[in-house]
Each structure stands twice: as structure tokens, then as C-alpha cells.
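A short worksheet on the structure shown next.
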Amino acid sequence: MTLQRFIASAVLLALVQCTFVRAETDENQRESTAVESISLNVEDVLVLGQRMRFSTAQEFKRNKLEIVDSVVADDINKLPDHSIAEAMQRITGVQIARDRGEGSALQGHYATNNALNTGVTIRGLPMVETLLNGREVFTAGGGRTFNFADIPAEMVSAISVYKTSSAEYIEGGVGGLVDLRTRHPFEFAGRHVVASGRLINGSLADKTQPQVSLLASDRWETCLGEFGALLNVGYQKRSYREEFTTSTTTTVSGQSLPSSWTQVTNIGERERMGASIILQWRPTERLELYTEVHHSQFKTIEDATQLAISKTSAANVGNIVLFPGTNDAASVTWDNATVSTTGQARDTIDRNTQVAVGGSWVGDALTLKTDLSHTKSYNNLVFSALNLSGATAAGFIHNVSNSPASSRLTSSNLLNLPSFTTASAWYAEVPFAGEMTALQFDGEYQWYGKVIDALSAGVRYAERKADNKLGQISDFPSVSAASAVNALMVNNSSDLGGYLAGNSPLARNVAALRQLLGVSTTLPSSNPLGTWNIEENTKSAYSMAKLKLADLPLEGNVGVRVVHTDESLQGFQGNSNASALPLSISHSYLDTLPSVNLRYELMKGLYLRGAASKTVTRPDFNKMSPSLTLNPAQLKGGAGNPDLHPIRANNFDIALEKYFNQTTSAYLTGFKKNVDGFISDVATPETYGGTTYDVTRPHNTGASVIRGVEVGYQQFYDFLPGWLSGFGLQANYTYVDSEVEDSDLPLAGLSKRSYNFIGVYEKGPISVRVAYNWRDKYLTSVSSGMPVYMDAYGWLDGSIRYNVTPKVSLMLEGNNLLGTERRTYFERKTRPQTTWKNDTQVSATVAVSF
């Protein structure tokens, strides 16, 4: 008998024996479950399960030594959250951006408008470190952070936001740390299968799309030990339509006049998918091993049309109408204007994969853990546009008194091709890639002393690579507009009666578009001056003591994390008259990050917490790029700055928390962050080849202070009679203020005030959620010397769920039920800039468990 056959026979025999053991165990479990179920009413089981899940996040917050807030799977799945970005918006202190009607964590070229690229912020800061089951994750791009819109909300079991730091946690989050947790097979008593299907329809897109998810887990007792396997997959497809108008402003004779108007319609589909495979093996009671594979893909296919109108001469003074009491025009007529239209295709993709192996060993007093992971990420933007320009109008009436702003033209027919003189096209492909390999070892020894309860220590080594790959960027030569006759579509405009625009699907077919326009030149690659490659190695070690006083109800931890960072940066230097010359720069630095977290129980259920720490966030990769581009004609240049140092902060927190019972609590938290090294662009004289240029580079600025308070409350009103006892409420409020050195403006993306109200009803088979999220105005950018603010807005979501049986439920959900319009303005509200209108999404879901 060959060795292979011997092994195969032995494995087969072991499986047969182990299957018999497992079958016998399953039968015993079924009998036990049957006996227990005799004394429980179905409605009692439903209510008990709902209330226990309601308390999970509260208990997690109570038991952690750090100040942390969470949302768990049951709350996520009972609201129409597409991605984890949307689920995070209801966590105290978290504020999110929105993109195409969804919660968003935008970065790099994914932003609809770079001015709005603030993403998810914690206490007003976007420098957030993200973990998936305790391991660092990221989305490739110019930044370092993870795009929380990448993963379907159904894929996570809990999202925890750590506001304070401990030495054991990975460095990188001045704003905070987000820990995403997925399900594991050993979390379930045995076989567990849940499947759901959803149909979703948008009011503006008027198209219904499917969304499905499946969680299948099981565990087996075998003679080789206990095994567990879990498969979790989620797939979403959503059609959307987003419409927005944008105005610019100019000052004439002391009056602020709206001077140009752009109308855009985005119609697209978003496809989001995720898959996790997790295997666990417990060969002995003390040893556990695991393997995890996580993959996600987030894809957007979008067609857009745009109409742009710009004034070309003086305003008709007699037709200027001002907002009362101001010098800001609500309506103005310009004597002449130019008009252009665009049809464009804009497609994006994120693709992330992480593979990990590891294990833990638990002794009488000593626990050892290890984890090895490899993470790869890729994202890409493909943008192609066909433009028509050269149309004119004798008059341009621009009215910004209503929302959205409107425009009217005189003596112009935008459905007539001869009205336009020129056709042109533009194409870009901008890919990014990143990968990281990380290995860490951790150990904890239970000391059980009168002051020190446990000692822990660990080491971590990580190699991370990031690059802006060479893509393609090209302006096609302009041709006569008549050449575009076969590439046109008609776009309806409520303001202007329709206009010709480029065919978006054709724009996506670059070869056909080039042939149609008679362009035969080779499509060039992007300029290497804009590309970079960065390698970063980090070595870190920590030690920490967990404190538990024998004579006082005081617990906590105190520790220090030391991190050494080596960076190697490659880029290019050149100017308009020379070829790109390679650049290579290396440097290293050391960070020592102490932390302390204390919790004192003043009386039963009443805790006073205090925390202090030092945290660090490394600069975004695109800002560190050594690449330099010089323009001799204008004597200007642009570059990254490899000499940037990390952003560092000293953090202080104090909190008072009261836990009344398993589902009722209230808390008040105060915090302050002294942040040094915020990054902003500065132009300074630099001399190259005897010529001085004004070169714009990012530079570290001075110190800033962020301070604020958080208030939260949750309760089930069990004391009410009858059906009224099913009502509950979750509410939180955050106030954040900032002082930025040498600036009168607040931090970009920071709303001073934000709050959430989540009304809950859980009684018998009925479950209802109504969630209202509101955030105050915030700074998005500075344009033409004026600050641009996003106006305050609220967002309402809701759901109704009916449990037909304990294993089958039906749900009706709604997203953006108020049809919220978001608006930005220049400096004050009487100078409006942009108004966005998004779909109201309605969906029907059925979920079945086995």
C-alpha cells in the first residue's frame, strides 16, 4: 500500500468515526433543546432575544477599559444600511459624508468633489485606524484609510469605535480606532444558517434591483478535536439617480452676483459584494487555530450629463434682485453667455482581499497569541467625456433664490447641433495598488496581585507598499461639432427644455469614440511625474499592565507602545522641457506612545472614567510623494513633500457612565485633543537650474485643539403597561469645537453639533426602527478666497419587521424618507453654491434561518 493510500484510508476511517460521534452529540443536543423549549412561549423567546441583542453594545461599552461605542449586527440589520459607513453614522461622535445618496468614506479620486473629501470622521478628525478582526485593513489610494463603503453591512457582527487608546492596539489613528468584527463558527452552538433576499427601488432611478446575503456556519466534535467552518457572503446591486446644480459667484461694484451655472445628472448602478471564509480548529481545550479569508469589491458604473453656462459680459443692472438686507444677488441677468454640454462615463472599483492564519494557547496563567496576515487592495477610476462647446446665448437669467438654483437662456437652441462649434473628448484611467504583510505575537500573564491583575506584551512587524500606477490621461484633439453627430443623445432639462450631450455609453468605448472623431494618434500613458511608489516597514513593541486594586473599585491599564518606521519613497523630477528623472528618498523615525485608561465605580452601576494617551497618524502617501513638476512658462511647480512628519496628538478624556439595567444606560463624556502637525499646502520659492519657482508643497502646520462633549442614552420602557412596554429609545448628541493655529476657520469636515434619535418598538413578532441622523454645517473648502460650507441637514431611515415564525421574517425598509436635499454655500447662505437631490430608497426583505 502506498503512503498516499494509507493516509487517505486513515483519514476516511477517522471521519467515519468522528461523524458517528457528532451524530450522537447532535441527537443529545436536540433532546436537550426540546426539553428546554417546553416552558417557553414563542413570543417570550422573541422578546427575550430582541432585548438581549439591544443590550449587547451597552455591555461591551461597560466592560471595556477604554472609552468605546458600538453598534451590533441586530441594530445594523434592522435598518436599511447598505454599507458599514451608513451603520457607523449613528455611533456617538461619528460623522459621515454622503455620495450618490449613500453614506460614504471617500478618499482620493473617488470623491464627487474633492472639496467634500472628508469621509468618516471621529470627533471631527478623519485620521482613523481600521481593523478587521483585530488586523489592519485599508483601501488603496492616495490616502491610508479604509473606505467603509466597500463592505456590505450584512458582513459584520459588530462595529466598535475606540475613542481612547491602549498600548496593545495598532498605532495610526489620531481621530480614533474602528474595529470591525465578523462572525466566527465557534460563536454558535452548532449549525446556523441565515439567508435573506431584498428588492430595492429608488424614487428617481425608478429601477428595482436585488440584494442577497447568506451566513452558513457549523461545528463538529471529532476525534481530532473540534472543527468549525463559516461562510458569509453578501451581494448588493442598487440603481440610483443623483441631480445637482452648482453656481459660482463674482463681485461687481460691491455686489455678489451668481456668474455661472452647472446642471448635472448622474445615473448609475452600484454593485457591492463581500465574502468571508473562516475555519477554526480546537485540537485541545487550550489550543485554537484559525484561517480567515475576506474579500470585498465595490463597483460603480455611472453615466452623467452636464450643462454649463458662463457669463461673458456685464450684468444687466436693471435686472439684479438682491436678497433683502444684503448685497448678494438672488437673481441676475447677464447680457451674453457661453454654453457647453458634456456626456461622460465615470466608473470606479475597489477590490480588497485579506488572508490570515493564527492561533492562541491558553494556559493556567499565561495566554499566547499569534497572527500572520497579507492584505492586497486595488482601486481604479476610469473617466471618459465627450464635450460640445461654443454655443452662445444673448441672455442668461440666473436665479438662486430657490433651491435648487435655476437658469434660463434667450436666443439659444441647445437641441440644434449647429449651435455648437467644437467637439472634444477627454479620457483618464487612474489606478492605485497597495499591499501589506504583518506578523504579530502577543502574550498575557495573569498576575492576580493587589494592584497588577495582568501583564501583557507584544511585538509586530509590518511591510506595507503603496503606489500610484501609471495610467492613461489624454485630451483628444478638438474637432468640428458636426463630427460628433453620431455620438449625441438628447437630455431633458426642466429649466431649458432639453439639450444635446455626448452619449455616455459611447464615451466608455474609447476606441470607438476615437474612431468616430477621426483621432488616430496613440493613446498616451499618463505622465510619470504624477506617479510614485512607497515602501514602509514598521517595527513595534508594547508592554501593558492591567490594574485592579484589591481595596478600591478601581480598574484600568497603563502601558507604552514604541514604533520604529522606515520609509523608502520613489518618484520623478522634471519640467516641461526635460524628461522625467527618477528620485529616491529614505528616512526613518521613532514614536513612543504612552497610554493610561482608568475606571472607578462610584456606586453600583455608576462609573467614572479617565484616559490619557499619545497617538500618531502618518501622512497620506500622495502627500509624501517626492515627485516634482516645474512649469517654466509660469515659474510655478507642484510636488509632494517626503519630509513631512506624522500628525501627533496628546489626548485627554473623562466620562461618567450610569448603567441602570441590561438595556438602560446614560453617559456624559468630555474630551480634548492637542494636535500638532496638520498638513496644508504652502507655496514657497525654490531654485532649480538657476531659476526660481513658486513650488506648492504640503507642509506640517502648527498646533490645533479639538475639544467637545458627548451625551448618550438608551432605554426600553418596560414599565409601561401592555403593548406600550415595547417602546425604546436610543439617543446621542456630540459637540465638537476646534481652534486651528493661524486660522479663523474650523477644521474641514467638522460639524460642531450632531445627534441621532433611534426610536425602537419590540413586542412579540413586531420590530420597528426609525432613525434620524442630523449634523450641523461644516467647512468643505476655500474657493476664491471664500470658505465654502455644507449646510446643516438631517437624514431619516426606517424599517418595519414582522417575524412570521421564529425562523422567518419579513421587512419593509426606507432610506432617505424625507428626500433630503443637501446644500453648500459661499461664506453665507445668501451665496448658494451647490444643491444635491438623491433618491428615496424603498426595499422589501425576507430573511430565513435554519
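The values are calculated or read from the model by the stated rules, or taken from the named source; none is laboratory data. Bear in mind that the values here come from a model prediction, so they are computed numbers and not experimental data. With ideal geometry, Cβ positions are generated from the backbone for all residues, glycine too; neighbour counts draw on all protein chains shown. These area figures cover heavy atoms from the full protein model, side chains too; ligands, DNA and RNA do not enter into them. Shrake-Rupley method; radii C 1.70, N 1.55, O 1.52, S 1.80 Å.
With a 1.4 Å probe and every protein chain left in place, tell me how much accessible area Val430 has, in Å² to the nearest 10.
Near enough 40 Å² of accessible area.
What is the packing order of peptides 416-422, 248-254, taking the mean over residues of other C-beta atoms within 10 Å and listing the highest first?
Going by the mean number of other Cβ atoms within 10 Å, highest first, we get 416-422, 248-254.
Could you tell me how far the Cα centroid of the stretch 549-623 sits from the Cα centroid of the stretch 71-89, in Å?
28 Å
Give the long-range amide H neighbours of Ser157: residues separated by 5 or more places, or on another chain, with amide H under 5 Å away, using H modelled in the peptide plane at 1.01 Å from N.
Result for Ser157 returns Arg181, Thr182, Arg183.
Which value, in Å², gives the accessible area per residue of the chain when a 1.4 Å probe is used on the protein heavy atoms?
42 Å²
Taking the Cα centre of the stretch 575-665 as origin, work out the dipole magnitude from +1 charges on Lys and Arg Cβ and -1 charges on Asp and Glu Cβ, in debye rounded to 20.
160 debye
Go ahead and run the numbers for FRET between His374 and Val317, Cβ-Cβ distance against an R0 of 60 Å, rounding to 0.05.
Between His374 and Val317 the formula returns 0.35.
With θ taken as phi - 60° and the coefficients 6.51, -1.76 and 1.60, list the Karplus ³J(HN,Hα) couplings across the stretch 636-651 in order, rounded to whole Hz; mark glycine and proline as x.
So the J values, rounded to whole Hz, are 10, x, x, 7, x, 9, x, 8, 4, 9, x, 7, 10, 9, 9, 10.
Contact order normalised by length for the chain, with contacts defined as Cα pairs under 8 Å and 6 or more residues apart; what percent is it?
The value is 11 percent.
With every protein chain left in place and a probe of 1.4 Å, what is the accessible surface of Ile800, to the nearest 10 Å²?
100 Å²
Which one of Thr531, Asn486, Ala541 is farthest out on the positive end of the charge dipole of the stretch 458-547, using unit charges on Cβ (Lys, Arg +1; Asp, Glu -1) and the Cα centre as origin?
Ala541
If I ignore ligands, DNA and RNA and count only protein heavy atoms, how much of His192 is accessible to a 1.4 Å probe, in Å² to the nearest 10?
60 Å²
How many lysine pairs are close in the stretch 506-660, with Cα atoms under 27 Å apart and the two 8 or more places apart or on different chains?
Taking the stretch 506-660 as the scope, the lysine pair count is 11.
What aspartates and glutamates sit close enough to Lys465 to cross-link, taking a C-alpha to C-alpha distance under 13 Å and skipping anything fewer than 8 places away on the same chain?
Glu435, Glu535, Glu536, Asp566, Glu567, Asp620
Between 0 and 90 degrees, rounded to the nearest ten: what's the tilt of helix 3-37 against the longest Cα principal axis of the chain?
Computed tilt is about 80 degrees.
What angle, in degrees between 0 and 90 and rounded to the nearest 10, separates the Cα long axis of helix 42-63 from the longest principal axis of the Cα atoms of the chain?
80 degrees
Let me know the shape class of the stretch 55-210, please: from the alpha-carbon gyration tensor, a ≥ b ≥ c as square roots of the eigenvalues, rounded when a/c is under 1.5, otherwise prolate if a/b is greater than b/c, or oblate.
Judged from the Cα gyration tensor, the stretch 55-210 comes out oblate (a/c at least 1.5, b/c at or above a/b).
Beyond 13 Å, what share of the Cα-Cα pairs of the stretch 455-507 is found? Please give it as a whole percent.
The answer is 79 percent, as a whole percent.
Distance check, please: which entries in Lys237/Lys763; Lys207/Lys299; Lys369/Lys672 exceed 24 angstrom between their Cα atoms?
Lys237/Lys763; Lys369/Lys672
Over the stretch 222-300, what relative contact order in percent results from Cα pairs under 8 Å that are six or more residues apart?
35 percent
To the nearest Å, what is the center-to-center distance of the stretch 688-706 and the stretch 259-278, using C-alpha atoms only?
First find each Cα centre; the distance between them is then 35 Å.
Let me spell out the model: positive unit charges on the Cβ of Lys and Arg, negative unit charges on the Cβ of Asp and Glu, origin at the Cα centre of the chain. What dipole size does that give, in debye rounded to 20?
Using Cβ point charges on Lys, Arg, Asp and Glu, the chain gives about 820 debye.
Could you please state, rounded to a whole Å, how far the C-alpha centre of the stretch 785-823 is from the C-alpha centre of the stretch 284-316?
Their Cα centres are 19 Å away from one another.
With +1 on each Lys and Arg Cβ and -1 on each Asp and Glu Cβ, and nothing else charged, work out how big the dipole of the stretch 721-850 is about its Cα centre, in Debye to the nearest 20.
Once rounded to the nearest 20, the dipole reads 540 debye.
For n ≥ 4 DSSP H runs only, could you compute -39500 (n - 2.57) per run for the chain, divide by its residues and tell me the 222 nm figure to the nearest 500?
After summing the helix terms and dividing by the residues of the chain, the value is -3000 deg cm²/dmol.
If you take the charge dipole of the chain about its Cα centre, with +1 on Lys and Arg Cβ and -1 on Asp and Glu Cβ, which of Ala315, Ser166, Ser520 is farthest toward its positive end?
Positive-most Cα among the choices belongs to Ala315.
From the residues Tyr688, Phe671, Ser751, which one has its Cα farthest along the dipole of the stretch 659-751 in the positive direction, the dipole being from +1 and -1 charges on Cβ of Lys/Arg and Asp/Glu about the Cα centre?
Of the options given, the answer is Phe671.
In percent, how large is the relative contact order of the stretch 125-183, given Cα pairs closer than 8 Å and 6 or more residues apart?
Value for the stretch 125-183: 50 percent.
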